Amino acid sequence: CRNMRLFISGSAPLLEQTFRDFEARTGIQLVDRYGMTETEANCSLPVEGGERIPGSVGVPLPGVTIRLTGEDGKEVKQGEVGEIEIKGDNVFAGYWRKPKETAEAFTADGFFKSGDLGRLAPNGYLSIVGRSKDLVISGGLNVYPKEIESVIDQMEGVVESAVIGVPHPDFGEAVIAVVVKGNGTGNLTEEGIIAELKKELANYKIPKRVFFASELPRNTMGKVQKNLLRTNAEYASLFQP
């Protein structure tokens, strides 16, 4: 990699551990960025100068305005999770011949509703928490899968994980985790993962079950397809009478 000046990550969330592993092997920090089809690029870690922080997609690019809003449509306080809304010349005009979908995608004052959930740090750096459709509401409490996945992914022997919500008769949704283990990590157990999570997270965020898989389902862009996990018959029927 000695002749390379820049490595950029995009398309899917970059794990903090992957960021650190890449730097350890190459001596170069990745530039993670945030964009989508409807808006092109929105945010980026600095290419020159500034700090490249693992788990962050950086600050809004010039000409791009980003705000985070709650379910009531009002901006959330700094550090709180909210839906990412975007405004700027980078944002598309609308969906082709779909006026209803276009109207639903924009706020009254012209911000595009991304459907992504994020959190802004005091330094203005944005972190992606997940998709609003991936949010788990268990017992009336919001559970953000990314928070749990970040803890699991740092455990020794874990390659990656996906946290989803499945139907539960009492809680509405129950949190479960699907974990991919590395080779030679047979001692990694469901009980062990849950015990470690209890040291760092509130009880309502702890998965009720942990499953192991050889791999997570992905689309052609490499993004984990949580919808396929949620509709998996084994997981979906776990807590059904």
With the condition kept exactly as written, say whether any residue in segment 128-149 is touching a residue at least 40 places away in the same chain (Cβ under 8 Å), touching a Ser or Thr at 6+ places or on another chain (Cβ under 7 Å) and under 19 Å from residue 13 (Cβ atoms). no
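In segment 118-146, what residues are of a type in the set (A, V, I, L, M) and open to solvent by less than 20 Å² (accessible area, probe 1.4 Å)?
Kept after step one, since they are of a type in the set (A, V, I, L, M), are these residues of segment 118-146: 120-121, 126, 128-129, 135-137, 141, 143.
126, 129, 136, 143 - these are the residues of segment 118-146 that are of a type in the set (A, V, I, L, M) and open to solvent by less than 20 Å² (accessible area, probe 1.4 Å).
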Would you check if residue 49 is over 20 Å from residue 153 (Cβ atoms), open to solvent by less than 70 Å² (accessible area, probe 1.4 Å), over 23 Å from the mean Cα position of the chain (by Cα) and at pLDDT below 95? yes
Within segment 52-64, of all residues that are under 18 Å from residue 22 (Cα atoms) and among the aliphatic types (A, V, I, L, M), the one surrounded by the fewest Cβ atoms within 10 Å (Cβ to Cβ) is 53
Looking only at segment 20-47, how many residues end up being touching a Ser or Thr at 6+ places or on another chain (Cβ under 8 Å) and over 21 Å from residue 113 (Cβ atoms)? 4
Of all residues being at pLDDT 95 or above, within 20 Å of the chain's Cα centre (by Cα) and not polar (S, T, N, Q) in segment 106-115, which is farthest from residue 144 (Cα to Cα)? Just the residue, please. 112
Exactly one of these conditions fails for residue 15: (1) of a type in the set (A, V, I, L, M, F, W, C); (2) in contact with a Leu (Cβ under 7 Å, 6 or more places away or on another chain); (3) over 20 Å from residue 88 (Cα atoms); (4) surrounded by 15 or more Cβ atoms within 10 Å (Cβ to Cβ). Give me its number. (2)
Filtering strands (runs of 3 or more DSSP E) wholly in segment 1-101 for at least 2 residues that are touching a strand residue (DSSP E or B) at 6+ places or on another chain (Cβ under 8 Å), within 30 Å of residue 151 (Cα to Cα) and of a type in the set (Gly, Ala, Ser) gives 40-44
Select, from 104, 83, the only residue that is without any contact (Cβ under 8 Å) to a residue 40 or more places away in the chain and open to solvent by 40 Å² or more (accessible area, probe 1.4 Å). 104
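Which of the residues belonging to segment 18-39 are under 21 Å from residue 89 (Cα atoms) and basic (Lys, Arg)? Show your work before the answer.
Pass one, segment 18-39, residues under 21 Å from residue 89 (Cα atoms): 33-39.
Selection gives 33 alone.
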Can you work out which of the residues in segment 197-225 that are touching a Lys or Arg at 6+ places or on another chain (Cβ under 8 Å) and either at pLDDT 95 or above or assigned to a strand (DSSP E or B) (or both) is least open to solvent (accessible area, probe 1.4 Å)? 197
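Can you tell me how many residues in segment 229-241 are without any contact (Cβ under 8 Å) to a residue 24 or more places away in the chain and either under 18 Å from residue 148 (Cβ atoms) or surrounded by 13 or more Cβ atoms within 10 Å (Cβ to Cβ) (or both)? Quick ask: steps written out before the conclusion?
Narrowing segment 229-241 to residues without any contact (Cβ under 8 Å) to a residue 24 or more places away in the chain: 231-234, 237.
Keeping just the survivors that are either under 18 Å from residue 148 (Cβ atoms) or surrounded by 13 or more Cβ atoms within 10 Å (Cβ to Cβ) (or both) gives 232.
The qualifying residues number 1.
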Residue identified as at pLDDT 95 or above and closer than 13 Å to residue 125 by Cα among 91, 59, 64: 59
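Only residues that are of a type in the set (S, T, N, Q), under 15 Å from residue 201 (Cα atoms) and buried (at least 16 other Cβ atoms within 10 Å of the Cβ): list them for segment 147-165, please. Before you say what the answer is, go through the steps one by one.
In the first step, residues of segment 147-165 are kept if they are of a type in the set (S, T, N, Q); the result is 150, 154, 161.
From what's left, under 15 Å from residue 201 (Cα atoms): 150, 154.
Passing the criteria: only 150.
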Go through (1) surrounded by fewer than 16 Cβ atoms within 10 Å (Cβ to Cβ); (2) under 22 Å from residue 115 (Cα atoms); (3) charged (D, E, K, R) and name the single condition residue 170 misses. (2)
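Just wondering, is there one or more residues in segment 204-217 that are among the polar types (S, T, N, Q) and free of Cβ contacts under 8 Å to residues at least 12 places away in the same chain? Explain how you work it out, then say what you get.
Going residue by residue through segment 204-217, those that are among the polar types (S, T, N, Q) are 214.
From the residues that got through so far, the ones that are free of Cβ contacts under 8 Å to residues at least 12 places away in the same chain too are none.
Taking every residue of segment 204-217 in turn, none turns out to be among the polar types (S, T, N, Q) and free of Cβ contacts under 8 Å to residues at least 12 places away in the same chain.
The values are calculated or read from the model by the stated rules, or taken from the named source; none is laboratory data. Because the structure is a prediction, the values reported are computed rather than measured. Glycine gets a Cβ as well: all are built from the backbone with ideal geometry, and neighbour counts include every protein chain shown. Ligands, DNA and RNA are stripped out before the accessible areas are found, and what is left, the full protein with its side chains, is counted by its heavy atoms. Shrake-Rupley method; radii C 1.70, N 1.55, O 1.52, S 1.80 Å.
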